Amino acid sequence: MSGNGFGHTFRFTTFGESHGPAIGCVIDGVPPLLKLSEADIQPWLDQRKPGQNRFTTQRQEADQVRILSGVFDGVTTGTSIGLLIENTDQRSKDYGDIKDTFRPGHADWVYEQKYGIRDYRGGGRSSARETAMRVAAGAVARVVLDALAPGIVIRGALVQMGPNAIDPGRWDWDQRQANPFWCPDAETVPEWEKFLDGVRKAGSSTGGVVEVVASGVPVGLGAPVYDKLDADLAKAMMSINAVKGVEIGAGFLAASLSGEDNADEMRMGPDGRVQFLSNNAGGILGGISTGQDIVLRMAIKPTSSILIPKKSVDRGGHEIEVITKGRHDPCVAIRAVPVAEAMMAVTLADHLLRHRAQCG
């Protein structure tokens, strides 16, 4: 299987399955002499790990990371950094009933058609369990960013759950970690709690929209043809499980704007620097960062593992109905927030290193 890695100069490759003994990743391109320990990675993993409240899967994983290589005397050596997380709470028996069936909305059928074999225990390699290593790689990427471009701040939030969106006028970044949803609008939280409780009790699921903002990004990251920063960010986000759409800046709304409304006009600021009067471009023009906030949103589909019977087929070609038992997120978009932040971090770290290599 190809396609297990992401990035160019800062590149990471993940390995492992949902119900295997461990998952891990190898990170290349990290400059030497940067301070790095497990303590720099673990807090970000703790934000993503399952079982923290009733609104996420009740699988209990400590997600305790170990650094296996690439660090000596507390600093990076410039060689490959190996990271490992052991799986400790697999319940493979939950999937015994579906080993010969294909779950609607999952990768089961296409996976088996392509490879002729699949690990039915939680989806194997196609499981969202893999995203823990993206978060770990993102933590290392933040160390690189802090060292080479201090001032970059990456924050994500859940801005819509099912049909229920927040009020942007009540946006407060400090509220994100004061509730179980990464919601920046405190007044919306009770509505989401009631809505998701109903979804969960019905054995169903719902989708959501995650917004990620990177502030303090320097001008000049990205290239104008095939290595556009926004193109790589779109790939990064679309590679996350269950993501079905990505927009940057005004996104799809730009199609309904006039040229004069969409253009981000410029003036000279009191400090002698160019200032933009709006940010419909989402901080990227011609594939190159403008120095404004990079604003990205992604749409995440409802979790496909539900208790409501759905029509499907089995390996023998028989038409059946499938109920997916086990421990699943009623809204996977909640735990996608730290994953999206991590993919923003690795993409920016990669482009920062590439920019420095070419432009000094």
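All of the numbers you see were taken from the coordinates with simple rules; none came from a lab. Worth saying up front: this structure is predicted, and the values here are computed from it rather than measured. So basically every Cβ, Gly included, is an ideal-geometry build from the backbone, and we count neighbours across all protein chains shown.
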- Given labels modelled 7 Å from the Cα in the Cβ direction, how far is it in nm from TYR226 to CYS359? 2.1 nm
- Item | Net lengthening on full extension, GLU265/ILE323 (0.36 nm per residue, minus Cα-Cα) | 15.5 nm
- Note on the structure: Taking the chain and counting helices only, DSSP H stretches of n ≥ 4 at -39,500 (n - 2.57) each over all residues, the nearest-500 ellipticity at 222 nm comes to -8000 deg cm²/dmol
- Query: Taking every pair of alpha-carbon atoms in the stretch 301-360, what share in percent sits in each 5 Å bin, from 0 to the bin with the longest distance?
  - Reply: 4, 14, 12, 13, 11, 9, 9, 8, 7, 5, 4, 2, 0
- Query: Reachable lysines from LYS201, Cα under 27 Å, same-chain residues fewer than 8 places away excluded?
  - Reply: LYS49, LYS93, LYS99, LYS244, LYS301, LYS310, LYS311, LYS325
- Message: Please give the charge dipole size of the stretch 257-360, origin at the Cα centre, charges +1 on K and R Cβ atoms and -1 on D and E Cβ atoms. Round to the nearest 20 debye.
- Response: 520 debye
- Stretched out fully, how many nm does the piece from GLU193 to HIS8 gain, at 0.36 nm a residue minus the Cα gap? 62.5 nm
- Packing-based ranking, highest mean first, of 208-221, 157-170, 65-78 given that Cβ atoms within 10 Å are counted: 208-221, 157-170, 65-78
- Inter-probe distance in nm under a simple model that places probes 7 Å from Cα toward Cβ, at TRP173 and GLU112: 4.7 nm
- For LYS194, the aspartates and glutamates lying under 18 Å Cα to Cα, once residues fewer than eight places off in the same chain are dropped, come out as ASP167, ASP185, ASP329
- Message: I need the Kirkwood Rh of the stretch 195-246: take the reciprocal of the average 1/r across all distinct C-alpha pairs and report it in angstrom.
- Response: 14.0 Å
- Message: Need one number: nm distance between label points at VAL75 and MET1, each 7 Å from Cα along Cα→Cβ, rounded to one decimal.
- Response: 3.8 nm
- Query: Where the only charges are on Cβ atoms (+1 Lys, Arg; -1 Asp, Glu), what is the dipole of the chain about its Cα centre, to the nearest 20 debye?
  - Reply: 920 debye
- Item | Debye intensity ratio I(q)/I(0), log10, the chain, q values 0.07 Å⁻¹ (C-alpha model) | -0.32
- Please report how far the C-alpha centroid of the stretch 251-280 lies from that of the stretch 180-239, rounded to the nearest whole angstrom. 23 Å
- Of ALA254, ILE67, THR347, which is farthest on the positive side of the dipole of the chain, counting Cα position, with +1 on Lys and Arg Cβ, -1 on Asp and Glu Cβ, and the Cα centre as origin? ILE67
- Query: Around ILE320, with a cut-off of 9 angstrom between Cβ atoms, what is the net charge of the other residues, counting Lys and Arg +1 and Asp and Glu -1?
  - Reply: -2
